[in-house]
Amino acid sequence: MDRKKAVRKVGILLAAFLVLSFATPFSTEHVEEKTVVFASNADVFYTLLATPIAFMKSAPLLIFAGDMGNYMTSFLSSYGTERIISVGAHMPCSYPKEEFVGNITSISFQIAREFYGGATKAVVLPHDMAYYNLSLLATQISCYEGIPLIFYEGNPSEISEELQGMGIEEAISVIPLNISGIHDIPLINEKSLYGYLTTLRNFSYMAVTNPHDAIIHEPVEKDKISYQGHISNLKITLFAREVNILGNDSQFFELELPDGFNFVKIFINASSSGEGLPNIIDASVYRGEELVTYSFSNAWREEKCYLQFPANNAGGKYTIKVSIYRGIKGGFFSQRGISMVDTDFDVDVLISFYDSPCYPSMPLSSLAPYLASMRGGIVMLAENEIMDKEYKFSLAGGAWNHPEIHSFVNGKVNRSVEKIENLMRSYGLDIKYIALVGDVNMLPRYYYKSSTGDSYVGYGIPSDNPYSLNFSVAVGRIMGMSIEDVSLMLSRELFYSSLAGDEWIKKFNFITGEGFGETAAIFHQIPYSRELRKYGFETEVFGILRNGRERLEKENAFHAGFVEYEGHGDWYWMLSSIYGIDYYSRVVDVAHVRNYAFPPNIILTAACLMGRMDGIAPESSISMAFLHAGSVAVVSATRETGGEATLEIIENEIIFNASSIGKAVMKSNSITGPPTKYARVLYGDPAFVPMLPE
């Protein structure tokens, strides 16, 4: 080719390139801006209305209460958010945003016009709690068919003109609409809805939830009783024996409850000790000799304590015991310490009286369609909560301190498991994952018998194993301190790859607890950490000289993609350091973890009781505190674990077999001996597959 022809050919190519450059984007693939969808917590139907938008845009869905807190703000920044869509309320923020505010009917039509232009088919549902359960299933039809979701108030004929004006010719409903000019497909029960959904795709994922958690039980009456107290005490502890030198460390208050259905909340606030050691509160409630509930300031906030319990047909006199310790205490084999207390404190008792058994819950079911749809799964309704019209027991507390009702609770679990099996059999579903979207009152745990246990630790071993269908399905439980926390946890997990960088996922930290946790370090943590370095991990072992809270915080021990803890624990703390002069100042507890913030990680624990939730306020759980702080999955135990409580089975499955965390826990429980195989549970999405170093 001569020089002139070559120049001419290059010129033609350059001109064509410039024309195409101005006519079309450089990439033929449309790049969606990073959108986050918000739904106001003022109405569960806002969450349902926001779900198809989030699904359509493959976006995080966050629940908010008026404004966004630090954790949501941090998530938006880490995710690289470019745009916000808010459903149900104004969202105060500086991001470019689109807000849909007003009554739910007008909002749903606004959304339909904005995102579903040209649609001739819609899901049309009543804004009515009587149909909330069916609406959970129908919302998935909107997601999977890519059609608008419309809510109406009152008579559906009132929206006839608007539907036809949009060009809607066909409507899927849960009540016959009888609208002239629109072909109606009424799916009026679970069977017809499941039948329709299972024609849309094959399902291997199931989100089991209880729609009753969204029912607001208004108390028929409320009462508040306040007490003031003062404790002045000097006490020493020698050889594990406490001796009062001056005064007494405890004060008692009498409380009388009527018969009927009561729910009691108790808040205890000690006057600040100022600089130095805080007042540690230990509070208990007794009915005669029976321990009804107990908690600590370590499980709430420094110098503040919170307790709650139901009292059903259990009227009479109760005793509130408040003990305060201010000083140092340490020693595992032989405790020693000194306490000097001189403080005022307040006790506020809030009593709600109901006309039926009630355990107030958070409406986690509203998030089930989002999780299930994002996983290509299906929602299953399990309306088998512990406290309902069948709950006729006379007790104060719950199943944890009343082993005589374990068979009743187990019957509830068995009923839900049977429904899962029937659904799978009826529609030929090959379910591999089950997410339990709800707390342990709305979706109860099964109580296995145990040779140990008391009213302090809790009777029996509560377990999620029956939902695994004899270890053939991976199970995880979705819950948190609040519904806002749960939405954040799900978004961190579903969009983990956008939040966790290459350096983060390489980090694997091991924390050694004292009190025979050292053997775990010698035989597992140290050699295993060395082995992981061969596979691209950066590991660090926080042994007994670095396992106190201050060192762990200072050295960012929890800032790692994986964190393993082997040691002692309880439902409100991990007791990593107990040999020294003062473990109170070194314990990792809810009061401090709730203030942590770290990128999404996985917490693996081989410790007793860190996963216990029965009889515990979610806000007081150490596992929930870690999820609040940023974790996407926590493996812990509902009761005491055995000597075989190794985590290596789980870790090997994740790291060497690229298993989901749910399948890894399932395998561990299937081959580990009791009590650990019953007690070990997963808080998080069972289908989550952690990222690993390349």
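The values are calculated or read from the model by the stated rules, or taken from the named source; none is laboratory data. Bear in mind that the values here come from a model prediction, so they are computed numbers and not experimental data. FYI the Cβ positions are ideal-geometry reconstructions off the backbone, even for glycines, and counts take in every protein chain you see.
Does segment 79-96 contain any residue that is at pLDDT 95 or above, buried (at least 16 other Cβ atoms within 10 Å of the Cβ) and within 21 Å of the chain's Cα centre (by Cα)?
Scanning segment 79-96 turns up at least one residue that is at pLDDT 95 or above, buried (at least 16 other Cβ atoms within 10 Å of the Cβ) and within 21 Å of the chain's Cα centre (by Cα).
Taking segment 617-669 on its own, how many of its residues are within 21 Å of the chain's Cα centre (by Cα), within 18 Å of LEU494 (Cα to Cα), of a type in the set (Gly, Ala, Ser) and not in a helix (DSSP H, G or I)?
The total comes to 4.
Give me the residue from segment 516-530 that is surrounded by 15 or more Cβ atoms within 10 Å (Cβ to Cβ) and either over 24 Å from PHE656 (Cβ atoms) or acidic (Asp, Glu) (or both) and, out of that set, modelled with the highest pLDDT. Can you show your working first?
Residues of segment 516-530 that are surrounded by 15 or more Cβ atoms within 10 Å (Cβ to Cβ), as a first pass: 517-518, 520-521, 524-526, 528-529.
From what is left, the residues that are either over 24 Å from PHE656 (Cβ atoms) or acidic (Asp, Glu) (or both) are 517-518.
Working: GLY517: 84, GLU518: 88.
That would be GLU518.
For ILE245, state whether it is in the same structural domain as GLN335 (by TED's automatic domain parsing), in contact with a Leu (Cβ under 8 Å, 6 or more places away or on another chain) and within 23 Å of ILE328 (Cβ to Cβ).
yes
Whether any residue in segment 418-429 is buried (at least 22 other Cβ atoms within 10 Å of the Cβ), within 26 Å of ILE215 (Cα to Cα) and not assigned by TED's automatic domain parsing to the domain that holds ILE661 is what I want to check.
Residues of segment 418-429 buried (at least 22 other Cβ atoms within 10 Å of the Cβ): none.
No: zero hits.
Which condition number in (1) of a type outside the set (D, E, K, R); (2) assigned to a strand (DSSP E or B); (3) more than 10 Å from THR35 (Cβ to Cβ) is the one that ILE85 fails?
The single condition ILE85 does not satisfy is (3).
Of the residues PRO444, PRO466, only one is touching a residue at least 24 places away in the same chain (Cβ under 8 Å) and assigned to a loop (DSSP other than H, G, I, E, B); which?
Residue meeting the stated conditions: PRO444.
Got a sec? Which of ARG287, ARG326, ARG301 is touching a Pro at 6+ places or on another chain (Cβ under 8 Å) and at pLDDT 95 or above? Reasoning before the result, please.
Details: ARG287 fails: touching a Pro at 6+ places or on another chain (Cβ under 8 Å); ARG301 fails: touching a Pro at 6+ places or on another chain (Cβ under 8 Å).
None of the other options fit; the residue is ARG326.
Any idea which of ASN202, ASN178 is within 24 Å of ILE431 (Cβ to Cβ) and either of a type outside the set (D, E, K, R) or in contact (Cβ under 8 Å) with a residue 12 or more places away in the chain (or both)?
ASN202
Among the residues of segment 290-299, are any touching a Gly at 6+ places or on another chain (Cβ under 7 Å), over 23 Å from SER621 (Cβ atoms) and of a type in the set (A, V, I, L, M)?
No: segment 290-299 contains no residue that is touching a Gly at 6+ places or on another chain (Cβ under 7 Å), over 23 Å from SER621 (Cβ atoms) and of a type in the set (A, V, I, L, M).
Filter segment 103-142 down to the residues that are assigned to a loop (DSSP other than H, G, I, E, B) and more than 17 Å from GLU161 (Cα to Cα) and list them by number.
Hits for segment 103-142 are ASN103, TYR116, HIS127, ASP128.
In segment 120-148, what residues are among the β-branched types (Val, Ile, Thr) and buried (at least 20 other Cβ atoms within 10 Å of the Cβ)?
Listed by number, the residues that qualify are VAL123, VAL124, THR139, ILE141, ILE147.
Would you be able to say whether some residue in segment 332-351 is outside any strand (DSSP E or B), surrounded by 23 or more Cβ atoms within 10 Å (Cβ to Cβ) and either at pLDDT 95 or above or in contact with a Phe, Trp or Tyr (Cβ under 9 Å, 6 or more places away or on another chain) (or both)?
From segment 332-351, those outside any strand (DSSP E or B) are 332-335; that's our starting set.
Narrowing further to those that are surrounded by 23 or more Cβ atoms within 10 Å (Cβ to Cβ): none.
No, segment 332-351 contains no residue that is outside any strand (DSSP E or B), surrounded by 23 or more Cβ atoms within 10 Å (Cβ to Cβ) and either at pLDDT 95 or above or in contact with a Phe, Trp or Tyr (Cβ under 9 Å, 6 or more places away or on another chain) (or both).
Kindly establish whether MET610 is touching a residue at least 60 places away in the same chain (Cβ under 8 Å) and crowded, with 24+ Cβ neighbours inside 10 Å.
Here the answer is no, as MET610 does not meet what is asked.
Condition first: under 30 Å from PHE267 (Cβ atoms), of a type in the set (S, T, N, Q) and crowded, with 23+ Cβ neighbours inside 10 Å. Can you find one or more residues in segment 363-378 that meet it?
Checked against the condition, which is being under 30 Å from PHE267 (Cβ atoms), of a type in the set (S, T, N, Q) and crowded, with 23+ Cβ neighbours inside 10 Å, segment 363-378 yields at least one hit.
Starting from segment 213-240, keep only residues that are under 30 Å from PHE353 (Cα atoms), then list their pairs with residues that are assigned to a helix (DSSP H, G or I) and among the β-branched types (Val, Ile, Thr) whose Cβ atoms are within a distance under 7 Å, requiring at least 6 positions of separation or different chains.
Close Cβ pairs (under 7 Å, with a partner that is assigned to a helix (DSSP H, G or I) and among the β-branched types (Val, Ile, Thr)) amount to ALA214/VAL44.
Any idea how many residues of segment 641-666 are in contact with a Gly (Cβ under 8 Å, 6 or more places away or on another chain) and either crowded, with 19+ Cβ neighbours inside 10 Å or free of Cβ contacts under 8 Å to residues at least 12 places away in the same chain (or both)?
3
So which residues in segment 149-172 are in a loop (DSSP other than H, G, I, E, B) and surrounded by fewer than 24 Cβ atoms within 10 Å (Cβ to Cβ), if there are any at all? Outline the logic, then answer.
Of segment 149-172, the ones in a loop (DSSP other than H, G, I, E, B) are 153-155, 167-169.
Hits for segment 149-172 are GLU153, GLY154, ASN155, GLY167, GLU169.
Which one of ILE175, ILE179 is hydrophobic (A, V, I, L, M, F, W, C), at pLDDT 95 or above and either under 30 Å from TYR433 (Cβ atoms) or surrounded by 14 or more Cβ atoms within 10 Å (Cβ to Cβ) (or both)?
Sole residue among the options that is hydrophobic (A, V, I, L, M, F, W, C), at pLDDT 95 or above and either under 30 Å from TYR433 (Cβ atoms) or surrounded by 14 or more Cβ atoms within 10 Å (Cβ to Cβ) (or both): ILE175.
Just checking, which of ALA54, ALA39 is under 20 Å from the mean Cα position of the chain (by Cα) and not in a helix (DSSP H, G or I)?
None of the other options fit; the residue is ALA39.
How many residues are surrounded by fewer than 17 Cβ atoms within 10 Å (Cβ to Cβ) and aliphatic (A, V, I, L, M) if we restrict to segment 97-114?
1
So, in segment 302-315, how many residues would count as being over 11 Å from ILE268 (Cβ atoms) and outside any loop (DSSP other than H, G, I, E, B)?
Result for segment 302-315: 5.
Within segment 209-238, which residues are among the charged types (D, E, K, R), crowded, with 20+ Cβ neighbours inside 10 Å and more than 30 Å from ASN279 (Cα to Cα)? I'd like the intermediate steps shown before the answer.
At the first step, the residues of segment 209-238 found to be among the charged types (D, E, K, R) are 213, 218, 221-224, 235.
Retained after the next criterion (residues that are crowded, with 20+ Cβ neighbours inside 10 Å): 213, 235.
Scanning segment 209-238 gives a single hit, ASP213.
Given the condition under 20 Å from VAL563 (Cα atoms), at pLDDT 95 or above and among the hydrophobic types (A, V, I, L, M, F, W, C), answer yes or no: does some residue in segment 499-510 qualify?
yes
It is to be established whether one or more residues within segment 314-323 are in contact with a Ser or Thr (Cβ under 6 Å, 6 or more places away or on another chain), crowded, with 19+ Cβ neighbours inside 10 Å, among the hydrophobic types (A, V, I, L, M, F, W, C) and touching a residue at least 12 places away in the same chain (Cβ under 8 Å).
Among the residues of segment 314-323, at least one is in contact with a Ser or Thr (Cβ under 6 Å, 6 or more places away or on another chain), crowded, with 19+ Cβ neighbours inside 10 Å, among the hydrophobic types (A, V, I, L, M, F, W, C) and touching a residue at least 12 places away in the same chain (Cβ under 8 Å), which makes the answer yes.
Regarding GLY117, is this residue within 25 Å of ALA214 (Cα to Cα), free of Cβ contacts under 8 Å to residues at least 40 places away in the same chain and surrounded by fewer than 21 Cβ atoms within 10 Å (Cβ to Cβ)?
For GLY117, the condition - within 25 Å of ALA214 (Cα to Cα), free of Cβ contacts under 8 Å to residues at least 40 places away in the same chain and surrounded by fewer than 21 Cβ atoms within 10 Å (Cβ to Cβ) - is not met.
In the list GLY684, GLY630, GLY611, GLY662, which residue meets the criterion of being out of contact with any strand residue (DSSP E or B) (no Cβ under 9 Å at 6 or more places or on another chain), within 25 Å of LEU364 (Cα to Cα) and either among the hydroxyl-bearing types (Ser, Thr, Tyr) or modelled with pLDDT of 95 or more (or both)?
Residue meeting the stated conditions: GLY630.
Mind checking which pairs have a first residue in segment 352-369 that is over 30 Å from CYS143 (Cβ atoms) and in contact (Cβ under 8 Å) with a residue 40 or more places away in the chain and a second that is among the polar types (S, T, N, Q) and in a loop (DSSP other than H, G, I, E, B), Cβ under 6 Å, 6 or more apart or different chains?
Hits for this filter: TYR359/ASN441.
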